[in-house]
Amino acid sequence: MTSSSGPAAAPAAPGTPGRSGASMNGRPLLNRRLAEFGTTIFAEMSALAVRTGAINLGQGFPDTDGPEEVREAAVRALRDGRGNQYPPGPGVPELRTAVAAHQSHHYGLAYDPDREVLVTAGATEAIAASLLALVEPGDEVIALEPYYDSYAAAIALAGGTRVPVTLRPRDGRFVLDLDELRDAVTPRTRLLLLNTPHNPTGTVLTREELAEIAKLAVEQDLLVVTDEVYEHLVFTDEVTPAHLPLASFPGMRERTVTIGSAGKTFSFTGWKVGWVTSTPELVTAVRSAKQYLTFVASGPFQYAVAEALALPDSYFTSFREDMRAKRDLLAAGLTAAGFEVYRPAGTYFITTDIRPLGDSRSGAGDGFAFCRALPERAGVVAIPNAVFYDHREAGAPFVRFAFCKRTAVLADAVDRLKAL
Ligand SMILES: *Cc1c(COP(=O)(O)O)cnc(C)c1O
């Protein structure tokens with residue numbers, strides 16, 4: 001249920017705009033759907049990194065650009081005048097075809113590029129448009145907690161009620177309790193909003209868990225929106241493809257909206273190219289909302305991403321192996337520094353528990369206090385996971401570090417964390 005303290009905002013910190021906000025005509029300027037969302041923690045922590053010269057492992061963006069040939073493809077598109085004017089509403093045909101080919105090549109899922117693929121302004125717009133299109137005011141939306149920060153705001157904008165189901169640490173992994181998920185479903189539940197691989201915990205839902213979720217969705221006739229932007233960052237040692245799209249489970253293709261993003265897969269987060277694959281009916285519904293948000297975006301970049309999606313398997317393999325090495329470097333450093341480390345099976349984030357550090361300066365398990373002090377103590381910035389929770393206390397001792405940074409930067413951070 002919606003709590004009075006918003007998920008995406010930190011408790012008011014000195015010098016940051018609070019959510020009390022300005023008013024006019026005797027009313028708050030910010031409408032009540034958004035009133036609980038203050039400035040995101042990322043703004044506060046990134047400003048802190050700049051002020052203190054700390055290494056920013058807070059926000060999850062790579063510090064090197066993606067493949068040179070993809071960057072060149074964008075330059076070519078710009079020069080050749082492709083995409084400099086409004087591209088078609090559903091996205092340029094080249095990209096829709098490439099998205100469909102990607103789903104088929106990597107997962108054996110067939111989508112019609114003309115009717116079952118929609119290009120969006122990043123995954124963020126895909127999430128917002130899906131919820132605005134599919135949720136009526138009063139509908140309940142179940143989301144895994146901790147959740148990516150835009151979920152709560154998008155549910156609120158749609159007038160929905162978020163119902164968090166908490167992932168809990170067990171045996172070194174954050175685990176979804178399937179009974180809790182089942183119990184969270186009510187007659188008012190409209191859709192499940194899932195995310196695997198999961199940010200911030202690094203959990204990858206297993207085949208068995210996904211099968212149970214699929215069974216529940218079919219039984220209860222629920223829509224599912226699944227955020228799979230980290231599909232190419234799965235580190236489990238099973239045979240490839242390691243990522244299992246929820247849409248590939250029995251009964252799911254016709255009720256699932258699947259979301260992907262070039263930002264995470266090709267390390268071009270500034271390009272904001274995302275996509276939706278689903279049935280013609282669901283894609284049409286999502287497009288109805290999307291056309292009044294941005295209408296279209298990222299024209300020339302769409303052509304470049306079409307080329308990126310067709311890169312040989314070796315690109316995806318070396319991208320994953322590079323990130324796996326970075327994960328191992330940072331995980332070892334965090335363990336050596338005294339954190340309890342939840343070794344991620346996917347994404348480029350590591351969630352840690354600060355309590356084993358054991359000192360009062362770690363804020364006695366208060367992730368906010370810990371993260372505000374960390375730049376001064378060790379010259380590193382991290383994010384308190386509590387911002388991703390409605391149940392703040394459940395997330396209090398957890399802190400997230402991003403490892404999508406150059407190896408030298410991670411090595412420096414590991415060195416600095418020895419100060420703890
Ligand atoms: C980064 C991220 C997004 C947003 O992707 P964009 O394509 O940059 O909009 C969505 N979901 C999750 C889980 C993310 O980590």
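When the gyration tensor of segment 56-125 is built from Cα positions, what are the square roots of 5 times its three eigenvalues, in whole Å, from largest to smallest? Numbers along the way, then the final one.
Details: eigenvalues 107, 75, 37 Å².
So the equivalent ellipsoid measures 23, 19, 14 Å along its semi-axes.
Restricting attention to segment 377-412, which trypsin sites (Lys or Arg not before Pro) occupy a DSSP loop and are surrounded by at most 16 other Cβ atoms within 10 Å? Could the numbers behind the result be given before it?
Details: sites: Arg377, Arg392, Arg400, Lys405, Arg406; in loops: Lys405, Arg406.
The qualifying sites are Arg406.
Alpha carbon centre of segment 323-395 versus segment 80-149: separation in Å?
Taking the Cα centre of each part, segment 323-395 and segment 80-149 sit 32 Å apart.
What residue among Ala74, Ala35, Ala133 has the largest mean-square fluctuation in a Gaussian network model of the chain, using Cα springs under 10 Å?
Sorting by GNM fluctuation, first place goes to Ala35.
Could you work out the helix-only [θ] at 222 nm for the chain, with each DSSP H run of four or more residues adding -39,500 (n - 2.57) and the total divided by the number of residues, to the nearest 500 deg cm²/dmol? Walk me through the numbers on the way to the answer.
Working: 14 runs with 160 residues, N = 420.
So the calculated ellipticity at 222 nm is -11500 deg cm²/dmol.
Trypsin sites (Lys or Arg not before Pro) within segment 51-126: which are DSSP loop residues with at most 16 other Cβ atoms inside 10 Å?
Working: sites: Arg51, Arg71, Arg76, Arg79, Arg82, Arg96, Arg115; in loops: Arg82, Arg115.
Of the trypsin sites (Lys or Arg not before Pro), the ones in loops of segment 51-126 whose Cβ has at most 16 other Cβ atoms within 10 Å are Arg115.
Name the residue from Pro67, Gly38, Met24 whose Cα lies farthest towards the positive end of the charge dipole of segment 20-152, charges +1 on Cβ of Lys and Arg and -1 on Cβ of Asp and Glu.
Most positive-ward Cα: Met24.
Neighbouring Cβ atoms within 10 Å as the yardstick, rank His198, His232 fewest first. Walk me through the numbers on the way to the answer.
On the way: His198 26, His232 22.
Exposure proxy ranking, most exposed first: His232, His198.
Report the net charge of residues surrounding Ile127, where surrounding means a beta-carbon distance below 12 angstrom and charges are Lys +1, Arg +1, Asp -1, Glu -1. It would help to have the intermediate numbers written out before the result.
Working: positive: Lys290; negative: Glu125, Asp149, Asp227, Glu228.
Spelling it out: positives minus negatives among the neighbours equals -3.
Using unit Cβ charges (K, R positive; D, E negative) and no other charged atoms, how large, in debye to the nearest 20, is the dipole of the chain about its Cα centre? Numbers along the way, then the final one.
Working: 41 positive and 49 negative charges, 236 e Å.
Charge dipole, the chain, about its Cα centre: 1140 debye, nearest 20.
Would you list Thr269, Thr277 from fewest to most Cβ contacts within 10 Å?
Numbers: Thr269 18, Thr277 27.
In order of increasing Cβ crowding within 10 Å: Thr269, Thr277.
Charges only on Cβ, +1 for Lys and Arg, -1 for Asp and Glu: so what's the dipole of segment 187-338 about the Cα centre, in debye to the nearest 20? Don't jump to the answer; show the numbers that get you there.
Working: 14 positive and 17 negative charges, 112 e Å.
The dipole of segment 187-338 has a size of about 540 debye.
Based only on other Cβ atoms within 10 Å, what is the fewest-to-most ordering of Ser104, Ser248? Mind showing how you got there, number by number?
Values: Ser104 12, Ser248 18.
Ordered from fewest to most neighbouring Cβ atoms within 10 Å, Ser104, Ser248 come out as Ser104, Ser248.
First measure r as the distance between the Cβ atoms of Asp322 and Arg32, then evaluate 1/(1 + (r/R0)^6) with R0 = 51 Å and state the FRET efficiency to the nearest 0.05. Write down the numbers at each step before the final one.
Numbers: r = 45 Å, r/R0 = 0.88.
Plugging the Cβ-Cβ distance into 1/(1 + (r/R0)^6) gives 0.70.
Which of Thr39, Thr256, Thr161 ends up with the largest GNM mean-square fluctuation for the chain, with Cα atoms connected below 10 Å?
Looking only at Thr39, Thr256, Thr161, the biggest GNM fluctuation is shown by Thr39.
Could you tell me whether the chain comes out rounded, prolate or oblate from its Cα gyration tensor? Rule is a ≥ b ≥ c as square roots of the eigenvalues, rounded for a/c under 1.5, then prolate if a/b exceeds b/c, otherwise oblate. Walk me through the numbers before you get to the answer.
On the way: a/c = 1.38, a/b = 1.21, b/c = 1.14.
Note, shape of the chain comes out rounded.
Long-range amide H contacts for Leu223: which residues qualify at under 5 Å (H placed 1.01 Å from N, peptide plane, sequence gap of 5 or more or a different chain)?
Counting only residues 5 or more places away or on other chains, the set is Leu192.
Among DSSP bridges having both ends in segment 102-200, what percentage is antiparallel? Round to the nearest 5.
On the way: 3 of 13 bridges.
Here the antiparallel bridges make up roughly 25 percent for segment 102-200.
Toward the positive end of the charge dipole of the chain, about the Cα centre and with charges on Cβ (Lys, Arg +1; Asp, Glu -1), which of Gly274, Ala101, His232 goes farthest?
Final value for the positive-end residue is Gly274.
Of the chymotrypsin sites (Phe, Trp or Tyr not before Pro) in segment 156-263, which ones lie in a loop per DSSP and count no more than 14 other C-beta atoms within 10 Å? Don't skip to the answer; put the middle values down first.
Details: sites: Phe174, Tyr230, Phe235; in loops: Tyr230, Phe235.
Here no chymotrypsin sites (Phe, Trp or Tyr not before Pro) fit, given the DSSP loop and packing criteria.
Quick note: the coordinates plus some simple rules give every number you see, no bench work behind them. The structure presented is a predicted model; accordingly, all values stated were derived computationally and were not measured. Here Cβ is always computed from backbone atoms with ideal geometry, including for glycine, and neighbour counts include all displayed protein chains.
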